[in-house]
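Let me begin by presenting the structure, written as structure tokens, before commenting on it.
The values are calculated or read from the model by the stated rules, or taken from the named source; none is laboratory data. On a predicted model such as this, the values are computed, not experimentally measured, just so you know. FYI the Cβ positions are ideal-geometry reconstructions off the backbone, even for glycines, and counts take in every protein chain you see.
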Ligand code: AGP
């Protein structure tokens, strides 16, 4: 998704801007650009392709201005091209803007501005913004220091959709304006300098102090100050937040790729997720939750709503909530939930899971649930992210920054967090025997060591990946909770290796898809639930008979000669087994992608944070 960086200070802006963009590369983009204000003009330099291409633009190294804006674009309106790359200027060249999000009514605004004599030189929705600001700026007869702020605010009132906008003006060389609505943006505070970014890691090496700008707020940045206003232009007080992540926590730490680093970080990430939530003697504890027995008993349904991997974590969570709390739980894809008029009322509890906390569909689904009177609880990895600011309650996975597009440690820490949440609810509700919950808590505490153990199979998984990386199709099969892991394993494989794969409930195979099984195809079986292993083996036998190669993830003793490769993982309570059994599947997808020579961290067509619908 698009990324934004900005700088106003005393240093040369361009290297800071380009450096920031490089750190946002993981979000996915197709073009990049910067705009620097110097000598009474705004120099815009941009191009299609990688951020590093900017260094080839004539004159970029000579830019000496100390205020600038920058952007990586992921095309929504108009093809990836130099013309469509940001920044965009207004017709007179007075204002330059970078923008994340989508302006839904840009056609109407274009028409409005065209009728007023403005011209457009790109296919983007963004280009209306600097021209609207120009229009309102010159409509304003009062030439005081708030004129630019008023013009931006008036322009924003005309915009429908989502946006994070940075604007500079050659008439105001010591000022930058930023606005946010439904699109991420943070402001980093330094000494006599201020930074802007869509994401904290991009500017973490410059400062650890951040302001979190809320929806419909405008910030005016000078070198010394940051002032916040609401959309009535009344001043808003903001607290400076200190972020404890180190800049190096967002680096690769010697691993070849972020994804591999993040896979190996899982034992630690899980420890962080558990934190002090599972005290040795006493019930589960969440600092930010205060659910009563009365309220929890009144819930008639829990919805878990999320996208992609986060939704797969929700499927595992459903199982836990139903088994431990005896509350009917439904999992929904956020982009479906938001348009299908779900039955929700004040007796519904809605959980929204999002690593980034910025996924547009998940945020919209949350707003819908709130509007229908449900209580909302956000599960996120990013403190202060949009979803956590919208929800009634928020709890964090504390897994540390996840940079690779393919989510790994976020998944395992989300599942761990929902497990603790389900135990917490069950303790309050007294819906499950004390001894069972006590054992389960011990099992949760044992997870870091078990995941560590599962990582030891890396080499054998790599060996098997070398045998099958050229294949075109694969199947992932499992029953019960293993089927939810099959979905996640299949998604991981698709997104980073571009191999088509399908995940199926093992018992469903013979109702159609087995027709696709032929000699040479690889079938990945996840067989961890002792009650269902025999049944799943029978299904796997059916594909072996039809010539499939088999790759089995199990915690049971299985005959080695029956399958092409068995990866043994430690045994754990079946409710928690996805946290361990997913690890070999992550490594499998990783090694296949590496064998194919692909960009593991930045797969084609994908973005880390999907901030548009
Ligand atoms: C995971 O590997 C994917 N890249 C994707 O499915 C992701 O989980 C999804 O877009 C949701 O993101 P979120 O957790 O940040 O909301």
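To keep it simple, each residue is scored yes or no on (1) surrounded by 13 or more Cβ atoms within 10 Å (Cβ to Cβ); (2) within 16 Å of residue 397 (Cα to Cα).
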position	(1), (2)
271	yes, yes
279	no, no
282	no, no
288	no, yes
294	no, no
298	no, no
307	yes, no
311	yes, yes
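Output yes when any residue across region 405-419 is in contact with a helix residue (DSSP H, G or I) (Cβ under 9 Å, 6 or more places away or on another chain), away from the ligand (no atom under 16 Å from the Cβ) and assigned to a helix (DSSP H, G or I), and no when none is. Within region 405-419, one or more residues are in contact with a helix residue (DSSP H, G or I) (Cβ under 9 Å, 6 or more places away or on another chain), away from the ligand (no atom under 16 Å from the Cβ) and assigned to a helix (DSSP H, G or I).
Need at least 1 residues that are modelled with pLDDT of 95 or more, touching a helix residue (DSSP H, G or I) at 6+ places or on another chain (Cβ under 7 Å) and within 15 Å of the ligand (Cβ to nearest atom) per element, so show me which helices (runs of 4 or more DSSP H) inside region 330-402 make the cut, counting only ones lying wholly within it.
Values: elements: 334-337, 360-371, 386-390.
By residue number, 334-337, 360-371.
Looking only at region 150-170, residues that are modelled with pLDDT of 95 or more and surrounded by fewer than 20 Cβ atoms within 10 Å (Cβ to Cβ) come to 5 in all. Any residue in region 229-251 that is assigned to a strand (DSSP E or B) and touching a helix residue (DSSP H, G or I) at 6+ places or on another chain (Cβ under 9 Å)? Yes: region 229-251 contains one or more residues that are assigned to a strand (DSSP E or B) and touching a helix residue (DSSP H, G or I) at 6+ places or on another chain (Cβ under 9 Å).
The requirement of being within 16 Å of the ligand (Cβ to nearest atom) and more than 15 Å from residue 528 (Cβ to Cβ) is fulfilled somewhere in region 476-491, by at least one residue.
Among the residues of region 73-89, those that are assigned to a strand (DSSP E or B) and modelled with pLDDT of 95 or more comprise 88, 89. Checked against (1) within 14 Å of the ligand (Cβ to nearest atom); (2) more than 30 Å from residue 103 (Cβ to Cβ); (3) surrounded by fewer than 24 Cβ atoms within 10 Å (Cβ to Cβ), residue 589 passes all but condition (3).
Starting from residues that are more than 24 Å from residue 197 (Cβ to Cβ) and in contact (Cβ under 8 Å) with a residue 40 or more places away in the chain, keep the ones in region 354-374 and report whichever is surrounded by the fewest Cβ atoms within 10 Å (Cβ to Cβ). Quick ask: steps written out before the conclusion?
First, pick out the residues of region 354-374 that are more than 24 Å from residue 197 (Cβ to Cβ): 365, 367-374.
From the residues that got through so far, the ones that are in contact (Cβ under 8 Å) with a residue 40 or more places away in the chain too are 365, 369, 374.
Details: 365: 28, 369: 26, 374: 23.
Here the residue is 374.
Among 537, 514, which is within 25 Å of residue 454 (Cβ to Cβ) and without any contact (Cβ under 8 Å) to a residue 40 or more places away in the chain? Spell out how you get there, then give the answer.
Details: 514 fails: within 25 Å of residue 454 (Cβ to Cβ).
Among 537, 514, only 537 is within 25 Å of residue 454 (Cβ to Cβ) and without any contact (Cβ under 8 Å) to a residue 40 or more places away in the chain.
How many residues, within region 324-342, are touching a residue at least 24 places away in the same chain (Cβ under 8 Å) and touching a strand residue (DSSP E or B) at 6+ places or on another chain (Cβ under 9 Å)? Selection size over region 324-342: 12.
Specify which of the listed residues (68, 78) is surrounded by 15 or more Cβ atoms within 10 Å (Cβ to Cβ), assigned by TED's automatic domain parsing to the domain that holds residue 8 and out of contact with any strand residue (DSSP E or B) (no Cβ under 9 Å at 6 or more places or on another chain).
Values: 68 fails: out of contact with any strand residue (DSSP E or B) (no Cβ under 9 Å at 6 or more places or on another chain).
Exactly one of 68, 78 is surrounded by 15 or more Cβ atoms within 10 Å (Cβ to Cβ), assigned by TED's automatic domain parsing to the domain that holds residue 8 and out of contact with any strand residue (DSSP E or B) (no Cβ under 9 Å at 6 or more places or on another chain), namely 78.
Take region 20-57 and flag every residue that is part of a helix (DSSP H, G or I) and in contact (Cβ under 8 Å) with a residue 12 or more places away in the chain.
The initial filter retains those residues of region 20-57 that are part of a helix (DSSP H, G or I), namely 20-23, 25-27, 51-56.
20, 21, 22, 23, 25, 26, 27, 51, 52, 53, 54, 55, listed by residue number.
With respect to residue 294, determine if the residue is away from the ligand (no atom under 16 Å from the Cβ), assigned to a helix (DSSP H, G or I) and over 14 Å from residue 429 (Cα atoms). So residue 294 does not fit the description; no. Of all the criteria given as (1) surrounded by fewer than 21 Cβ atoms within 10 Å (Cβ to Cβ); (2) farther than 25 Å from residue 299 by Cα, the one not satisfied by residue 434 is (2).
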